[in-house]
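K.L.:
Structure incoming, see below.
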Amino acid sequence: MSNFFSFLKSKQFFIHFAIILVALFLSFFCLVKWLRSYTNHGDFVEVPDFKGKQISDLKSFVTNKDVSFQIIDSIYDPKEKPGIVLRQEPEPKSKVKHNRTIYLYVTGMVAPQIQMPKLIDRSERQARLIIQTYGLKVGRVTEKQADCNGCILAQTMKGEDVEPGKSVKKGSVIDLVVGIKDSYFTSNPGDTGTVDEPNFNNVPD
């Protein structure tokens, strides 16, 4: 036991101990350097702004930008041109690794098909809300004498009745026939009237 403690106090022990420490330090340094080179640590690129770009221009747009792209969803928006990028992940100017894939959401080229809702027997107010909820548009509103006041008597598209459940394109224009109780119809049975938008152009100041 005394020989062991004597060895710990010897010059030879300190030399070996120093060699081991240097070897460990060099090994750790080399490992960290290798990991940094393998993962490109600290080496980033800035994400370009894809928003508003046409799908046909994307391949040329990413040239020499060290990123790739993938379209993961299409969203129909009648207010936007078809085939353009609406949003992206990650956002523009984010810092990412080289060759990172940028995920894109684009506007649909064709309006999706939806099932026509049932509007008949509902109030005009309810019908308008339902049409808006389904992504459709209210077209011509015609009034017709009926036992109910303000109820929907018919739902048509391009002059033809459109039955509930029928497939129609999102954004289609739906015309409505609204029932009305009015003294005008009492003296003029069978007449119909069309609700037009008011014209304020000729109203004096």
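K.L.:
Between Lys79 and Val62, what length comes free when the chain is fully extended (0.36 nm per residue of separation minus the Cα-Cα distance, one decimal in nm)?
P.N.:
Roughly 3.5 nm would be gained on extension.
K.L.:
Ok, one more. If contacts are Cα pairs under 8 angstrom and at least 6 residues apart, what is the relative contact order of segment 45-107 in percent?
P.N.:
50 percent
K.L.:
Roughly how big is segment 69-184's charge dipole about its Cα centre, with Cβ charges of +1 (Lys, Arg) and -1 (Asp, Glu), in debye to the nearest 20?
P.N.:
For this selection, approximately 640 debye.
K.L.:
Over all directions, how big on average is the projection of the convex hull of the alpha-carbon atoms in segment 45-107, in square nanometres?
P.N.:
3.8 nm²
K.L.:
Here is a follow-up. Tell me which lysines have Cα within less than 19 Å of Lys137's Cα, excluding those fewer than 8 residues away on the same chain?
P.N.:
Hits, sequence-local ones excluded: Lys79, Lys81, Lys118, Lys158, Lys166, Lys169, Lys170.
Computed from the coordinates by the stated procedures, all read-outs in this text should not be read as laboratory data. Worth saying up front: this structure is predicted, and the values here are computed from it rather than measured. Neighbour counts are summed over all protein chains in view; Cβ atoms, including those assigned to glycine, are modelled from backbone coordinates with ideal geometry.
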